[in-house]
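Written below as structure tokens is the structure these notes are about.
The values are calculated or read from the model by the stated rules, or taken from the named source; none is laboratory data. Remember, predicted model here, so these are calculated numbers, not experimental data. A quick note on method: Cβ atoms are made from the backbone with ideal geometry, for glycine too, and the neighbour counts reach across all protein chains shown.
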Amino acid sequence: MQRDDSGTVMDTGRIISRRGVFASGAALGAAAMIAGQRAVLPRAASAGDTPPQPPRHGSALVPMHPRVDQITDLKVCIRPFRAAGPRLDVERIGNKIVFHNYGHGGSGWSLSWGSANLVVGNVAATLNRKVAVIGCGIVGLTAALTAQRAGFDVTIYARDLLPHTRSVRANGSWTPDSRIALTQTAAPGFADQWEQMARFSWATYRTYLGLPGAPIMFEDNYILSDTSFENQHPTPAPSEAPGAMPRVSEDFARYSGRIRDIVPAAEDVPPAENPFAAPHARRRSLMIYNFGAYGHLLLSEFHQAGGRIVIREFHSPHDLTTLPEKVIINCPGYAAREWWRDDSLVPVRGQTAWLPPRPDAPYGLVYRGAALLSKTDGVMIQAFDLDGLGEMTGVGNSLEHPDPAEAARAIGVFADLFARMPAAAG
């Protein structure tokens, strides 16, 4: 027996029907706003695509003073990294046509809509109107919605729904090229494909701005440093030989410069306006995803459009031959390493600690290898590089057990920072 996000008990293998709770006015308004979108190529970006900057808080920023005894949850995410980039190819299993859509590294949330757009465009060529989607994480759910918007009849088959998938254990911010591929291993045309996915996703996310519950929002994010940004350590050279595993952080591909025209740029904070006990600060407007509101909105649209969810667990690719649908979009995330026997997937462990929400302090921080985001569902604190390993932190680590000591170290970074703020002495 399992429970869905509304607490309803379900038998494994039973179909989840549409529920009345999804008929809220906010969800209906959002569905109407985005129902006109279809799986098409994104238009060229324009200056108008850059969202307005939020008001600056300056020295009026409210200190947060996080403490270990305020932790409400610890979550461990296993990012599904592939050296060649996400798997988006097609293969046949028996009489089924399987379109793969997994292996996005730390960019699953950011690229989900663009990746779905590519896959559904290929699915359309099959002329089949009934489609099965495997997985209900963020990649699976956006693929299902994109298929619905293109006119397909969609059923999701999944072991867990979005509130309980690995997806919601991430930090939930715009990171479209985070461990997305290795520069030397990705195909020659992958950079162009990445840009297409990133631009389409960015444009789609912007349609969710300003909705009730703030499913998607922008937040000031401060990058702090004890040394001048201009005098940071030189970047080591990447490894020359292609392979499946990175050797240094610089092996990971970097493509964010290709979409600089639509993403707000960082700006240096003048010393007189820097409220933090760190001498150097940069500020940027960062897109973040509030999991509760956003996930509920996506599930609402899916059910309102006639989608079905069947709770089911798969153990081998052959299991797909028992499904009634001929066309399948496969979005299992890291689970593909086990049930699809895909050894190209490399686990990259990441852990987030969650503290009570602080609506009076709507900003984020990056400092000394730790990150903090104040979201509607809590203050998220993550250790992403406490030991100086850079992007190699967590690579090859598939342990999903929470580490309280790691959380305490990350919280300690910000506890110390706020304790040194001038306002703390008053």
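Of all residues in segment 345-383, those being of a type in the set (Asp, Glu) and in contact with a Leu (Cβ under 6 Å, 6 or more places away or on another chain) number 0. If I filter segment 232-263 down to residues being out of contact with any Asp or Glu (no Cβ under 9 Å at 6 or more places or on another chain) and at pLDDT below 90, which single residue comes out as surrounded by the fewest Cβ atoms within 10 Å (Cβ to Cβ)? Filtering first and then ranking leaves Pro234.
For the residues Glu325, Glu400, the requirement of being surrounded by 17 or more Cβ atoms within 10 Å (Cβ to Cβ), over 22 Å from Arg283 (Cβ atoms) and charged (D, E, K, R) singles out Glu325. Only one of the numbered conditions (1) of a type outside the set (Val, Ile, Thr); (2) over 21 Å from Met197 (Cβ atoms); (3) without any contact (Cβ under 8 Å) to a residue 40 or more places away in the chain is violated by His296, and that is (3). Here the condition is being touching a Leu at 6+ places or on another chain (Cβ under 8 Å), more than 30 Å from Thr322 (Cβ to Cβ), in contact (Cβ under 8 Å) with a residue 40 or more places away in the chain and assigned to a loop (DSSP other than H, G, I, E, B); of Pro246, Pro212, it holds for Pro246 alone.
Would you be able to say whether some residue in segment 295-303 is polar (S, T, N, Q) and farther than 23 Å from Gly333 by Cα? Checked against the condition, which is being polar (S, T, N, Q) and farther than 23 Å from Gly333 by Cα, segment 295-303 yields no hits at all. For segment 144-163, filtered to residues that are part of a helix (DSSP H, G or I) and farther than 16 Å from Ala124 by Cα, the residue that is modelled with the highest pLDDT is Leu162. Going by the structure shown, is Phe291 aromatic (Phe, Trp, Tyr) and within 30 Å of Cys331 (Cβ to Cβ)? Answer is yes for this residue. If you filter segment 164-177 down to residues that are part of a loop (DSSP other than H, G, I, E, B) and over 10 Å from the mean Cα position of the chain (by Cα), you find that the one that is modelled with the lowest pLDDT is Thr165.
Among the residues making up segment 179-194, those that are surrounded by fewer than 15 Cβ atoms within 10 Å (Cβ to Cβ) and either aromatic (Phe, Trp, Tyr) or in a loop (DSSP other than H, G, I, E, B) (or both) are Ala187, Pro188, Gly189.
Scanning segment 387-426 for residues that are closer than 16 Å to Ser249 by Cα, under 22 Å from the mean Cα position of the chain (by Cα) and among the small types (Gly, Ala, Ser) turns up Gly390, Gly394, Gly396.
Here is a yes/no grid of residues against (1) touching a helix residue (DSSP H, G or I) at 6+ places or on another chain (Cβ under 9 Å); (2) in a loop (DSSP other than H, G, I, E, B); (3) surrounded by 17 or more Cβ atoms within 10 Å (Cβ to Cβ):
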residue	(1), (2), (3)
Met217	no, no, yes
Ile223	yes, no, yes
Glu230	no, no, no
Ala265	no, yes, no
Ala272	yes, no, no
Pro275	yes, yes, yes
Arg284	no, no, yes
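Taking Thr207, is it more than 26 Å from Ala83 (Cα to Cα), modelled with pLDDT of 95 or more and among the hydroxyl-bearing types (Ser, Thr, Tyr)? Here the answer is yes, as Thr207 does meet what is asked. If I filter segment 379-386 for residues that are in contact (Cβ under 8 Å) with a residue 60 or more places away in the chain, surrounded by 21 or more Cβ atoms within 10 Å (Cβ to Cβ), under 24 Å from His65 (Cβ atoms) and out of contact with any helix residue (DSSP H, G or I) (no Cβ under 8 Å at 6 or more places or on another chain), do I get at least one hit? Yes, the conditions are met somewhere in segment 379-386.
Going residue by residue through segment 358-380, is there one that turns out to be modelled with pLDDT under 95 and of a type in the set (A, V, I, L, M)? No - not one qualifying residue is present in segment 358-380. Selection within segment 91-118: residues that are surrounded by 24 or more Cβ atoms within 10 Å (Cβ to Cβ) and of a type in the set (A, V, I, L, M). The member of this set that is nearest to the chain's Cα centre (by Cα) is Leu111.
Here Phe22 meets each of (1) at pLDDT below 50; (2) under 24 Å from the mean Cα position of the chain (by Cα); (3) more than 30 Å from Leu417 (Cβ to Cβ); (4) not in a helix (DSSP H, G or I) with one exception, condition (4).
Among residues belonging to segment 357-378 that are within 21 Å of Asn274 (Cα to Cα) and among the hydroxyl-bearing types (Ser, Thr, Tyr), point out the one that is surrounded by the most Cβ atoms within 10 Å (Cβ to Cβ). Only one residue fits best here, namely Ser374.
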